[in-house]
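Worksheet: one structure, shown below.
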Amino acid sequence: MVFSVPADAYDRFMGRYSVQLSPQLADLAGVEAGQRVVDVGCGPGALTQELVRRVGAKAVSAAEPSGEFVAAVAQRLPGVDVRQAAAEELPFADGEFDAALSQLVVHFMADPVRGVSEMKRVTRAGGVVAASVWDFGGQQSPLGPFWRVARELDPELEDESDRVGGTQGELGELFAQVGLEEVEETALPVHVEHSVFDEWWEPFTLGVGPAGAYFNRLDPARQAELRQGLREHLGESFTLPARAWAARGVVR
């Protein structure tokens, strides 16, 4: 899925959660100074920025299908080798990196097996592949309340719960399927405080991802009904606990 929205819209929609996930995923992959690493499906660069902090911009590459996001990363993180490409066709050489990471992307890959296989291909023997996906199956994603109330209003709605990697065990199974070894899976927790309901709600109106696309398909009356239902469900201020499933595997 290509996100055809401005980088700042994605930042407002998912950035506050991504910045909590990024250090945890980098820790899981064992990213440290002296390594060369690649961020697959980098978006506007939340994880990329964490990788730059650890290894320096010249040691970081990134791939992203959205041209707007590629431009944002190039501007925000000078020195990073960022290229417009899908995960399934990474424009890098075999064994080029010590680690390949993908944050909140596997479930959007057109072909997750091929995408993770490409991550494996560009990682050297002994290197690490790591990825994370929100816990959609357990309804523990930051988008969980949105989809829960939306389904109450529209029982036939297809949400993100069936996407690959969003249920416990799926990422680990995918990693094993492509031949990664020493596969481990864990949960990465995120907690974001929202002092005002509209701070959480407004980014859903920006058209980002499946949730934003669904909102934009509704007529104004249904949009207002969804907003009111969510406000009653969440209250004016709240802390939203969430978690992502994450997996790591070693290339042999």
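The values are calculated or read from the model by the stated rules, or taken from the named source; none is laboratory data. All values reported here derive from a predicted model rather than from experimental measurement. Methodologically, a virtual Cβ is constructed for each residue, glycine included, from the backbone with ideal geometry; neighbour enumeration extends over all protein chains shown.
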Exercise for review: Answer yes or no as to whether residue 249 is at pLDDT 95 or above, touching a Phe, Trp or Tyr at 6+ places or on another chain (Cβ under 9 Å) and surrounded by 12 or more Cβ atoms within 10 Å (Cβ to Cβ).
Suggested key: yes
Practice item. Of all residues in the stretch 165-188, count the ones that are in contact with a helix residue (DSSP H, G or I) (Cβ under 8 Å, 6 or more places away or on another chain) and either surrounded by fewer than 17 Cβ atoms within 10 Å (Cβ to Cβ) or not charged (D, E, K, R) (or both). Key: 13
Practice item. May I ask you to list the residues in the stretch 204-232 that are in contact (Cβ under 8 Å) with a residue 24 or more places away in the chain and farther than 18 Å from residue 244 by Cβ? Key: 204, 206, 207, 212, 214, 222, 225, 226, 227, 229, 230, 231
Study note, to complete from the structure: When the stretch 70-85 is checked residue by residue, the ones that are farther than 25 Å from residue 24 by Cβ and part of a loop (DSSP other than H, G, I, E, B) are 78, 85
Practice item. Go through the stretch 19-48 and give me each residue that's in contact with a strand residue (DSSP E or B) (Cβ under 9 Å, 6 or more places away or on another chain) and assigned to a helix (DSSP H, G or I). Key: 20, 21, 22, 24, 25, 26, 28, 29, 46, 47, 48
